[in-house]
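These notes concern the structure reproduced below.
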Amino acid sequence: MQFIDLKTQYALLKEKIDTNIHKVLDHGQYVMGPEVITLETELAKYTGTKHCISCSSGTDALVMALMAHDIGEGDVVITTPFTFIATAEAIKFVGATPLFIDIDIETFNISPKLIEEALNDISKNKNTIHSKICTDAAKIKAIISVDLFGLPADAVKINKIAKDFGLVVIEDAAQGFGGSIDDNKAGSLADIGCTSFFPAKPLGCYGDGGAIFTDNDDIANKLKSIRVHGQGEDKYQNVRLGLTGRLDTIQAAVLLPKLEVFDSEIEQRQNVAKLYTANLANVDGVTTPTTPDGYVSAWAQYTLMAKDDNHRTAIMDHLKNNNIPVAVYYPIPLHEQKVFESLGYNPGDFSVSSNAAKRVFSLPMHPYLETKDIETICDLIGTL
Ligand SMILES: *Cc1c(COP(=O)(O)O)cnc(C)c1O
């Protein structure tokens, strides 16, 4: 059994993918070729945003989104400590400082209530754990919300708070792409959305890739410039610092046929998740994931919680002994990572994230997972 089965998908799409790759080899426009432009048009249509700017990775998408808003040295960006390293890495990479806010245990996503409390406390110069990062509310420029495990963060509440405090919201939809809230697609839920086409993500290519979504014309133009070394009107005129941030044409050629079946794959992921949840409903001490009303998760991961870390180890060992692949996303919250030691956080500062890190584990999840495999996995967990 595969944790994420990319081979079955390739077998189904082989003809189209192979033909598309060969088209690129024949026309030879390996960089910014016609497939890239077509993909951007299709992705903008898919998310309902005005602009899609494809790029080199999900991490670069976040870096470029921050750069396009002139966020850097001296600025503070709010985000969750319970995410993949890239979210906070991008903040630090542009020279800004991450200010972590704890999550809601039901969704594993950043808590809007705690964001609002923190912003109010900082505005009133209250002494809290946030004081070690920031005592001047004017320095806070943005919120990066993360659609963890595929479930969109609470965009409605987060956008409202951001508006009240004059902050930009960047949606990290690397895992959420394909998900939605009330039919509004992940990637389009904030001022700017970033996603990743890393192979294991819900929509993955055969290497590294990413995309950025926005309705803002100025930001879109700035992103296109940042993508190519801060290029100006003329190719050899450079007006700002930028990156080598482009998506390869071959990766766009791989993504086009995958995008055609993406919605039906998201549908199949719903079925897999429903079967897991139904089969695990009566298992003692195991908490299955919740999806709030109106939300669709892209199910990048099916993540559940054991009672505590010993219980998790027992379940995971039992599954591994029966050749079922399992993983922990994420065992160490970001405020406890060595790279962020200098921020001065203590391990106990975000108790919900730390508690989740000790209890979460993820089961095999992909659109082609068979019912009998799901039942086998659930039986193994149930009979432990
Ligand atoms: C994968 C991921 C990224 C980074 O994407 P890459 O394409 O690997 O650079 C960023 N944020 C989250 C939440 C991710 O899961």
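Starting from the Cα gyration tensor of the stretch 27-133, take the square roots of the eigenvalues, sort them a ≥ b ≥ c, and report rounded, prolate or oblate (rounded when a/c is under 1.5, otherwise prolate if a/b is larger than b/c, else oblate). Spell out each step's value before the answer.
Working: a/c = 2.84, a/b = 2.11, b/c = 1.35.
Verdict is prolate for the stretch 27-133.
Provide Rg and Dmax in Å for the stretch 262-382, with only Cα atoms included in the calculation.
Expressed in Å, the Cα Rg and Dmax of the stretch 262-382 come to 15.8, 48.
Which net charge results when you count Lys and Arg as +1 and Asp and Glu as -1 among the other residues whose beta-carbon is under 15 Å from that of E35?
Details: positive: K16, K23, R246, K258; negative: D18, D26, E40, E42, D248, E260.
Once positives and negatives cancel, what remains is -2.
Most exposed first by the Cβ proxy, i.e. fewest other Cβ within 10 Å, how do S131, S362 rank? Write out the running numbers ahead of the final one.
Working: S131 12, S362 18.
In order of increasing Cβ crowding within 10 Å: S131, S362.
State the extension gain, in nm to one decimal, for the chain segment bounded by M1 and L259, taking 0.36 nm per residue of separation less the distance between their alpha-carbons.
Details: separation 258, 0.36 × 258 = 92.88 nm, distance 2.47 nm.
That pair, M1 and L259, stretches by 90.4 nm at full extension.
How much of the pair distance distribution for the chain lies past 28 Å, counting alpha-carbon pairs only, in percent?
Working: 33932 of 73536 pairs.
Value for the chain: 46 percent of Cα pairs lie more than 28 Å apart.
Rg/Rh for the stretch 67-122: what does it come to with C-alpha atoms and Rh from Kirkwood? Mind showing how you got there, number by number?
On the way: Rg = 11.9 Å, Rh = 12.0 Å.
On the Cα set of the stretch 67-122, Rg over Rh gives 1.00.
Order these peptides, 116-127, 133-144, 93-104, by their mean beta-carbon neighbour count within 10 angstrom, highest first. Present the calculation step by step, with values, prior to reporting the outcome.
Values: 116-127: 15.4, 133-144: 18.8, 93-104: 21.0.
For the peptides 116-127, 133-144, 93-104, the packing ranking is 93-104, 133-144, 116-127.
Add +1 for every Lys or Arg and -1 for every Asp or Glu among the other residues with Cβ under 13 Å from the Cβ of N355, and state the total.
-3
To the nearest whole percent, what portion of all C-alpha pairs in the stretch 170-215 is separated by more than 17 angstrom? Can you show the working numbers first?
On the way: 284 of 1035 pairs.
The calculated P(r) of the stretch 170-215 puts 27 percent of pairs beyond 17 Å.
For N238, which sequence-distant residues (separation of 5 or more, or a different chain) have an amide H within less than 5 Å of its own amide H, given hydrogens modelled in the peptide plane?
G232
Quick one: what are the phi-derived ³J(HN,Hα) couplings along the stretch 84-100, Karplus 6.51/-1.76/1.60 with θ = phi - 60°, whole Hz, x for glycine and proline?
3J(HN,Hα) across the stretch 84-100, in whole Hz: 5, 3, 4, 4, 7, 4, 4, 4, 5, 4, 7, x, 8, 10, x, 10, 7.
Give the residues of the stretch 11-45 whose amide nitrogen is closer than 15 Å to a point set 7 Å from the Cα of K235 in the direction of its Cβ.
It comes to 29-33, nothing else.
Which values of log₁₀ I(q)/I(0), to two decimal places, follow from the Debye formula for the stretch 299-366 at q = 0.21 Å⁻¹ with a uniform point scatterer at every Cα?
-0.87
Report relative contact order for the chain in percent, whole number only (criteria: Cα-Cα under 8 Å, sequence separation at least 6). Let's see the in-between values first.
On the way: 783 pairs, mean separation 83.6, N = 384.
It comes to 22 percent, rounded to a whole number.
With charges set only on the Cβ (+1 for Lys and Arg, -1 for Asp and Glu), what does the dipole of the stretch 262-382 come to about its Cα centre, in debye to the nearest 20? Don't jump to the answer; show the numbers that get you there.
On the way: 9 positive and 15 negative charges, 43 e Å.
With only Lys, Arg, Asp and Glu charged at Cβ, the dipole is about 200 debye.
Length gain on complete extension for the stretch V339 to T19, per 0.36 nm per residue less the alpha carbon to alpha carbon distance? Don't jump to the answer; show the numbers that get you there.
Numbers: separation 320, 0.36 × 320 = 115.20 nm, distance 4.35 nm.
Value of the extension gain: 110.8 nm.
Could you calculate the contour length gain from V228 to D317, that is, 0.36 nm times the residue separation minus the distance between their Cα atoms, to one decimal place in nm? Please report the intermediate quantities before stating the final value.
Working: separation 89, 0.36 × 89 = 32.04 nm, distance 4.74 nm.
Gain on extension, V228 to D317, equals 27.3 nm.
Can you give the FRET efficiency to the nearest 0.05 for T244 and D70, using r as the Cβ-Cβ distance and R₀ = 25 Å?
Numbers: r = 21 Å, r/R0 = 0.82.
E(calc), rounded to 0.05, equals 0.75.
Counting only Cα, what are the radius of gyration and maximum Cα-Cα distance Dmax of the stretch 166-260, in Å?
14.6, 45
Based on the Cβ-Cβ distance of E267 and K307, what FRET efficiency does E = 1/(1 + (r/R0)^6) give at R0 = 22 Å, to the nearest 0.05? Show your work: numbers first, answer last.
Values: r = 33 Å, r/R0 = 1.48.
After rounding, the FRET efficiency stands at 0.10.
Laboratory data are not the source of any read-out in this text; all were calculated from the coordinates shown. The structure presented is a predicted model; accordingly, all values stated were derived computationally and were not measured. Neighbour counts run over all protein chains shown; Cβ positions are idealised from the backbone, glycine included.
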